[in-house]
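Everything on this sheet refers to the single structure shown next.
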């Protein structure tokens, strides 16, 4: 079988087949937006990074107990490139996968997955309900409160930033900027002043 580099449209079709809830789709769009933003910033392949970000939780809604493993199985059936599959599976390293993030793409996905959740939660408690007026400082303030978005594992974000060799402020800034680009799609455009 020949591996086939997927288009965004093909990826979206598969994503929507396996993910019916608005919440999971919006999370996928958030991660895609951030991956595209960082890829552009680094001079990398924006489509590749974006598609991998879009598909990272493909199996989570239907197969939460087989997260990452089931994604591999599904995408192999579609003849996706091993490089794409490996990158997607690596975001679960230490949680549900033993595939360690090695490339810049993989480390970025690992670092920003949880962070998009923290930023989305932060946006929802802002008067503007928006990422458009969000600052790194406001995210750092919520970061320090373990009760806020308690499901977000901050140690994964920290480890990801360290693997990338960037400060936590930079990865937060990049994530905010990437989420701003897809604010309409993720419902976080809000009403910034």
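The values are calculated or read from the model by the stated rules, or taken from the named source; none is laboratory data. From a predicted model like this one, the values you see are computed outputs, not experimental measurements. Quick reminder, even Gly has a Cβ in these numbers, built from the backbone with ideal geometry, and neighbours come from all protein chains shown.
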Query raised in the report: Identify, please: which residue in region 82-105 is under 21 Å from residue 19 (Cβ atoms) and in a loop (DSSP other than H, G, I, E, B) and is, among those, modelled with the highest pLDDT?
Result: 91
Report summary line: Exactly one of 186, 176, 168 is closer than 12 Å to residue 122 by Cα and surrounded by 19 or more Cβ atoms within 10 Å (Cβ to Cβ), and that one is 176
Report task. With the condition kept exactly as written, say whether any residue in region 56-73 is closer than 30 Å to residue 192 by Cα and at pLDDT 95 or above. Result -> yes
Report task. Pick out the one residue from 169, 162, 173 that is out of contact with any helix residue (DSSP H, G or I) (no Cβ under 7 Å at 6 or more places or on another chain) and assigned to a helix (DSSP H, G or I). Result -> 162
Query raised in the report: What do you reckon, is residue 151 under 22 Å from residue 24 (Cβ atoms) and assigned to a loop (DSSP other than H, G, I, E, B)?
Result: yes
Requested in this report: With the checklist (1) more than 27 Å from residue 64 (Cα to Cα); (2) surrounded by 15 or more Cβ atoms within 10 Å (Cβ to Cβ); (3) at pLDDT below 95 in hand, flag the one item residue 130 doesn't pass.
Outcome: (3)
Query - Single condition residue 117 does not satisfy, out of (1) surrounded by fewer than 21 Cβ atoms within 10 Å (Cβ to Cβ); (2) more than 30 Å from residue 148 (Cβ to Cβ); (3) within 14 Å of the chain's Cα centre (by Cα) - result: (2)
